[in-house]
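The values are calculated or read from the model by the stated rules, or taken from the named source; none is laboratory data. Note that the coordinates shown come from a computational prediction; the quantities given were computed from them, not determined experimentally. Ideal geometry is used to build each Cβ from the backbone, glycine not excepted, and the neighbour counts take in all protein chains shown. Calculation scope for accessible area: heavy atoms of the full protein, side chains included, ligands and nucleic acids excluded. Shrake-Rupley method; radii C 1.70, N 1.55, O 1.52, S 1.80 Å.
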Amino acid sequence: MNFKNINLLLLFIFIFFLTNAQTVKTFAGVQTDTPKYNVNALTIRNFPKDSAYFSAPMGIEIDTAGRIYISNEHNIYFIYNGIARLVAGYALDPTDGGAAQSKDGIGIVARFSRPAGLALNPTTNDIYVADMDNNQVRLVEHFINNSTNQTVSTHAGFFTLNGGHLDGTNAAAKFSQPIGIARASNGDIYIADRANHCIRKISNGNVTTIAGKVGVIGNANGIGTNASFSAPFNLILDGNSLLVADFGNSAIRKIDLSNNNVTDLITTGLFGPTDLCKVNNTLFIAEKLTVKKYEGNVLSLYAGNGNDNGYADGLGVAARFEEISGIVFNPKDGFLYVADMGNNVIRTISPNTRPVCNFVVSSTAVTKGQTVILKNTSTGKPKTFKWTITPTSYTLLNNSKLTDSILYLACNQTGAYTVKLFVSNDVGMDSLQKNGYITVSSVTAKPNVDFYATNIVPALNEIIDLIDISANEPLTWKWRISPPTFIWQGGTDSTSRIPKVRFTNGANYTVTLIAGNGQGSNSLTKTAYIMVNASSLNSLQTGKGLVYYPNPSNAELTIENATDGVIKIIDMQGKIVLSQQVSDTNNIIQVSSLSNGCFISVFVDSNGRQYTNKLIISR
């Protein structure tokens with residue numbers, strides 16, 4: 001092969017890689033080579049995220065409401081709904097005298113000195129801060145509302161300028177440049193104590209050293225203090241283990257928390273790892289200039305270029321970073337968020353990945369002619385869909401096509417049906433076949449009536465579908481809706497199997513379905529099933545309504561920003577399963593009686609306005 005052909009081949013490979021690469025974009029902050037600050041932060045706490053200045057952002061964490069917390073040079077910000085809000089710490093020039101102190105207090109009265117790693121308590125949304133130059137661990141209480149400042153307190157560590165090492169009570173313990181922090185589900189907190197070259201644990205009011213020879217730089221495996229580290233930078237929980245970004249050893253180390261045994265996970269291919277996060281079975285590792293991916297025991301470059309610093313958004317290796325200090329995964333949008341300390345901005349990395357196919361069905365055991373709903377649940381954001389159903393004796397309903405992500409159909413014969421779904425996006429494709437997935441039985445009785453609405457809290461004049469899912473092959477349908485302030489849409493009417501409805505007035509609508517076949521008829525009424533507000537329902541957009549946490553929840557649910565009103569929890573069949581008065585002082589709901597699954601929460605305020613949100617119960 002001649003040089004020309006080789007060059008063309010290399011160019012083709014490079015273009016192919018970029019086409020399938022992930023996208024790096026600037027999410028918040030104005031890029032500057034030197035740290036800057038928001039000059040009017042003493043009087044204005046909220047800034048548009050795209051024009052806000054950050055000063056060497058170092059740590060990053062995301063609470064259950066989606067607020068992205070940033071540890072700045074001597075303060076804490078969060079980014080939410082397009083706004084960067086100064087939470088606590090010194091507001092102005094970080095080089096001012098008195099900017100860096102250890103001081104508890106409310107909002108900007110509090111002081112930090114180079115806060116670094118952040119960790120979330122998902123039950124309360126409180127944030128723990130590794131306050132590096134104060135050699136302490138601080139606690140920032142959760143956000144309540146824009147008019148209430150967040151309180152900062154000292155959780156552990158005796159303030160010392162030069163640091164030290166002492167195990168003991170939280171108040172007496174000493175750290176030396178605590179930089180990384182992680183919180184376990186039982187409340188234990190783990191610290192990467194950088195200048196002490198060890199890993200500390202805060203539990204039940206006491207601090208202990210669980211791994212690493214104190215003050216000794218090394219690279220030895222072993223149990224507890226027989227092991228050694230070199231300036232551990234950050235750490236995360238992974239089941240009953242800790243994964244440590246061992247900066248000085250350019251390695252990822254693993255600590256088994258059952259016996260504090262330290263072993264190597266990755267020892268080659270890294271250069272000064274600063275942080276890491278895990279998404280399913282994939283580990284993403286931040287270095288100064290790159291993000292790398294560790295998957296299936298293979299380490300690969302994910303974004304950036306280890307030989308070229310700078311500032312450039314782009315695809316994969318075409319992007320440039322200046323100094324990455326923190327990385328976190330946001331499950332709400334599937335992006336990685338990166339604190340680019342050297343560029344004084346926050347970046348996102350959107351993973352462009354091959355889809356992984358999956359789907360669910362409304363019921364795996366149905367009667368002949370019953371409505372069946374197949375729903376794509378694939379990950380990786382597929383763009384195209386193709387369903388194959390065998391045998392082919394079925395009828396598509398509700399204008400469904402075999403290329404839709406959600407499919408409505410009725411099976412026309414008894415027996416087992418096999419379903420296959422093929423999905424694809426710009427990166428690749430996948431398919432899944434479920435053999436004998438749907439079992440269809442014969443009709444032996446009157447219809448067992450059931451139905452649901454595609455939206456039980458629609459906006460005024462929004463068109464919804466009423467979906468008949470009755471068993472025993474109904475042949476006739478009669479829908480009744482009260483009050484009669486609605487209009488049938490799309491050529492459907494009260495005798496349609498799946499009618500379309502537009503509600504023209506604010507009211508709670510009761511819906512009845514009478515379904516019949518050769519054996520007779522049955523009916524079902526759902527009282528006040530559809531709830532429409534005259535001024536239209538307000539979706540809970542970030543920053544404009546209530547925030548539920550934790551969500552998913554299992555026992556106790558806190559409603560943040562609650563005002564006087566009523567919370568109604570509605571199951572997917574439209575039944576109100578819980579109703580409670582709430583206010584700003586009575587904002588906790590017990591949900592332990594609810595079964596696992598997805599629910600809709602409707603908040604009705606004192607003016608009758610209704611706000612909706614999705615609630616997940618998971619145990």
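Whole number in Å², please: accessible area per residue of the range 280-348, 1.4 Å probe, ligands, DNA and RNA not counted.
Numbers: 2600 Å² over 69 residues.
Heavy-atom accessible area per residue stands at 38 Å².
Using the beta-carbon distance between LEU524 and VAL604 and R0 = 22 Å, what value does 1/(1 + (r/R0)^6) give for FRET efficiency, to the nearest 0.05?
Numbers: r = 25 Å, r/R0 = 1.15.
The value I calculate is 0.30.
Quick one: accessible surface of PHE422, probe radius 1.4 Å, all protein chains present, in square angstrom to the nearest 10.
70 Å²
Using a 1.4 Å probe on the protein heavy atoms only, what accessible surface does GLU295 show? Give it in Å² to the nearest 10.
90 Å²
If ligands, DNA and RNA are left out, what is the accessible area of LYS278 with a 1.4 Å probe, given in Å² to the nearest 10?
Here the residue's solvent-accessible area equals roughly 80 Å².
Ordering SER606, SER176 from largest to smallest accessible area (1.4 angstrom probe), what's the sequence?
Working: SER606 95, SER176 15 Å².
Sorted by accessible area, descending: SER606, SER176.
Using only the Cα atoms of the range 325-417, what are the Rg and Dmax in Å?
20.1, 65
Within the range 387-407, whose backbone N sits under 15 Å from a point 7 Å along Cα→Cβ of THR495?
From the range 387-407, the list is empty.
Pull up all non-local amide H partners of ALA459: gap of 5 or more, or a different chain, and H-to-H distance under 5 Å with H placed in the peptide plane.
LEU537
What are the semi-axes of the equivalent ellipsoid of the range 109-193, taken as the square roots of 5 times the eigenvalues of the Cα gyration tensor, listed largest first and rounded to whole Å?
Values: eigenvalues 94, 45, 21 Å².
Square roots of five times the eigenvalues give 22, 15, 10 Å.
Please give the charge dipole size of the chain, origin at the Cα centre, charges +1 on K and R Cβ atoms and -1 on D and E Cβ atoms. Round to the nearest 20 debye. Working shown, then result.
Details: 48 positive and 43 negative charges, 307 e Å.
Computed about the Cα centre, the dipole is about 1480 debye.
Suppose each label sits 7 Å from its Cα in the direction of the beta carbon; what would the ASN554-ASN240 distance come out to in nanometres?
Each label point is offset 7 Å from its Cα along the Cβ direction, giving 1.6 nm.
At a 1.4 Å probe, what is the % contribution of carbon and sulfur to the accessible area of the range 181-273?
Numbers: 1600 of 3460 Å².
Taking all protein chains in place, the range 181-273 shows 46 percent carbon and sulfur surface.
Have a look at GLY215, GLY369, SER592 and report the one farthest towards the positive end of the charge dipole of the chain, computed about the Cα centre with Cβ charges (Lys/Arg +1, Asp/Glu -1).
Most positive-ward Cα: GLY369.
Enter the mean projected area of the convex hull around the alpha-carbon atoms of the chain, in nm², rounded to one decimal. Spell out each step's value before the answer.
Numbers: hull surface 132.7 nm².
That works out to 33.2 nm².
Strictly greater than 19 Å: what percent of every Cα pair in the range 223-292 meets that?
Numbers: 618 of 2415 pairs.
Beyond 19 Å sits 26 percent of the P(r) for the range 223-292.
Out of every Cα-Cα pair in the range 45-89, what percent are more than 12 Å apart?
On the way: 544 of 990 pairs.
So the pairs more than 12 Å apart make up 55 percent of the total in the range 45-89.
Which of SER618, LEU161, LEU257 sits closest to the plus end of the dipole of the chain, meaning its Cα is farthest towards the positive end, when Lys and Arg get +1 and Asp and Glu get -1 on the C-beta?
SER618
Just subtract the alpha-carbon distance of ASN455 and ASN281 from 0.36 nm times their residue separation and send over the number in nm, one decimal.
On the way: separation 174, 0.36 × 174 = 62.64 nm, distance 3.50 nm.
59.1 nm is the gain from fully extending ASN455 to ASN281.
Estimate the FRET efficiency between THR268 and THR124 by the formula 1/(1 + (r/R0)^6), using the beta-carbon distance for r and 35 Å for R0, to the nearest 0.05.
Numbers: r = 40 Å, r/R0 = 1.15.
After rounding, the FRET efficiency stands at 0.30.
Relative contact order of the chain, please, whole-number percent, based on alpha carbon pairs below 8 angstrom and at least 6 residues apart. Numbers along the way, then the final one.
Numbers: 1788 pairs, mean separation 51.2, N = 619.
That works out to 8 percent.
Averaging the inverse of every distinct alpha carbon separation and then flipping it gives the Kirkwood radius. What is it for the range 39-187, in angstrom units? Walk me through the numbers on the way to the answer.
On the way: mean 1/r = 0.0658 Å⁻¹.
The Cα-based Kirkwood calculation yields 15.2 Å.
Evaluate the Kirkwood expression for the hydrodynamic radius of the range 96-250, namely the inverse of the mean inverse distance over all pairs of different C-alpha atoms, and round to one decimal in Å. Don't skip to the end; give the middle numbers.
Values: mean 1/r = 0.0641 Å⁻¹.
Hydrodynamic radius (Kirkwood, Cα only) of the range 96-250 equals 15.6 Å.
Sort TRP488, TRP387 from largest to smallest accessible area, using a 1.4 Å probe on the heavy atoms of the protein chains.
Sorted by accessible area, descending: TRP488, TRP387.
Taking the Cβ-Cβ separation of THR563 and THR384 as r and a Förster radius of 51 Å, what is the calculated FRET efficiency to the nearest 0.05?
Working: r = 45 Å, r/R0 = 0.87.
It comes out at approximately 0.70.
What is the helix-to-structure angle for 3-19, meaning the angle in degrees between its Cα long axis and the longest Cα principal axis of the chain, kept from 0 to 90 and rounded to the nearest 10?
Roughly 70 degrees, rounded to the nearest 10.
If you count, for each residue, the other Cβ atoms within 10 Å and average over each peptide, how do 180-193, 517-530 line up from highest to lowest?
Values: 180-193: 20.8, 517-530: 15.4.
My ranking of the peptides, most packed first, is 180-193, 517-530.
How many percent of the accessible area of the range 342-393 is carbon or sulfur, using a 1.4 Å probe? Mind dumping the intermediate values first?
Values: 1150 of 2120 Å².
Reported share for carbon and sulfur atoms: 54 percent.
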